[in-house]
Every structure is written in structure tokens, then in C-alpha cells.
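Enquirer: Encoded as C-alpha cells, here's the structure I'll be asking about.
Please treat every number below as a calculation from the coordinates, not as lab data. This is a predicted model, so every value here is computed, not measured. Here the Cβ positions follow ideal geometry from the backbone for every residue, glycine too, while neighbour counts run over all protein chains shown.
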Amino acid sequence: MIASVRGVVISRRPDAVVVDCGGVGYRLAVSAHTLQKVASVGGETFLHSHLIMRDDAMQLYGFATEDERDLFLLLLGVQGVGPKVALAVLSGGTTGELLNAIAAGDAKRFQAVPGIGKRTAERIIVELREKVGEGDSIVVMRADDPRTLARDGLVGLGFSIQEADGLLSNVEGGSAEELIEGALRVRAAA
């Protein structure tokens, strides 16, 4: 996979840039936000990238930051959101602003993006709310991670997500059961 591209910008368009890397020009589809960070033609630039291979094409996507690429990948995991729509979402603001909109449940912000209706906007909020934290960073939680399982267990016992995260931040353990036990001890001692 092509994880990043560094080279001289040889073309800039509203939706893509071409970067010459050692004599090979890579066309990267980019969001409006990333395009603002790309050097002008003739200047050197660096972009994080993601390659999507299909039966009929290979498409390379470029991002100014790793967080923007991570959010793009999370958006692709939402039913009804393809690469073009995901780039359109990323064009709607900084990664931090979009993460805050997800955390706040601001579906209207996503409905303003061409190609996203009310249902898709709500699906983005529901599916990504627990995968991202408020602010400028993305926290991707794997379903088989002991901390994720422990957090889900504590939520099942009636704790809020924030309470569960707070309790788990103070305990160590190798399994979900050990983490839950430790979190409940911390809670009882408080």
C-alpha cells in the first residue's frame, strides 16, 4: 500500500493534485481542506495517502494529516458513504470540527454535504460517536480489545461512557474481567 507521497506538485485541481515522486506522477484525490495545505505548482509537498483498489481502477487519496486519513477510513465504514462522499465531508471543516460535530450529534452539519441525506447523517453520528473522542484526535477502538469490552461491560452495568472511561483509566489488567473488577474496586473506594 502507498502510505504517503512526497514530491513536487505538478498539477493542482479543485478535487485532486498530481505529485511527481522520482519521475512518477501520482494523482491524489483530496478534500478542499487538504488542498489548502498543498504547496503551489513547483513546490514540494507531503501527503498521507490511502489506496483503494477496485476491479476497474486504482484510486489514491491524499490527506494533510493522519487524523484526516483516519476519519476518512472511519467514514468509509459507514453504510452509504463512499470515497467521494467521505472527501466531501472532509471538505466541510477541519478534522477537529468534524469530530466535535460527531460527538455533539450535529446531524445537520453532515446533511449540508452533497450526497448525504438525513438517514446517512444520522448513521454517521450513531456509528462513529463511540469511535471518536471530542477534540482533535481519533480514538479507534477494536471490538476485541479488553478495554473496549470492559467499557461495554461497565456501560451495561449502568455507568455512562464517560464514567466507564474514567474508571478504566485508573486500572490495569490483561482481560476485560480484570479491568471491570479493578474499575468496580476504584468506584467502591471513591
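Enquirer: Considering all projection directions equally, how large on average is the shadow of the alpha-carbon convex hull of region 146-189, in square nanometres?
Expert: 2.5
Enquirer: Still on this structure: Could you tell me what fraction of 2.2 N^0.38 Å the Cα radius of gyration of region 78-136 comes to, as a two-decimal ratio?
Expert: Output field value: 0.98.
Enquirer: While we're here: Relative to the Cα centre, what is the charge dipole magnitude of the chain, using +1 at the beta carbon of each Lys and Arg, -1 at the beta carbon of each Asp and Glu, and rounding to the nearest 20 debye?
Expert: With Lys and Arg at +1 and Asp and Glu at -1, about 740 debye.
Enquirer: Normalised radius of gyration for region 32-75, please: alpha carbon Rg relative to 2.2 N^0.38 Å, two decimal places.
Expert: Here the answer is 1.28, to two decimals.
Enquirer: Just for the Cα atoms in region 18-125, what are the lengths along the principal axes, largest first, rounded to whole Å?
Expert: The Cα atoms of region 18-125 stretch 45, 31, 20 Å along their principal axes.
Enquirer: For the chain, what proportion of DSSP beta bridges, expressed in % and rounded to the nearest 5, is antiparallel?
Expert: Rounded to the nearest five, the antiparallel share is 90 percent.
Enquirer: Over the chain, one equal point on each Cα, no solvent: what is log10 I(q)/I(0) by the Debye formula at q = 0.13, 0.14, 0.18 Å⁻¹?
Expert: Here log10 of I(q) over I(0) equals -0.77, -0.84, -1.11.
Enquirer: By how many nm would the segment from Glu181 to Gln36 grow when fully extended, if each residue of separation counts as 0.36 nm and the alpha-carbon distance is taken off?
Expert: The span from Glu181 to Gln36 would gain 47.3 nm if fully extended.
Enquirer: How big is the Kirkwood radius of region 4-63, worked out from every pair of different alpha carbons and given in Å to one decimal?
Expert: 11.3
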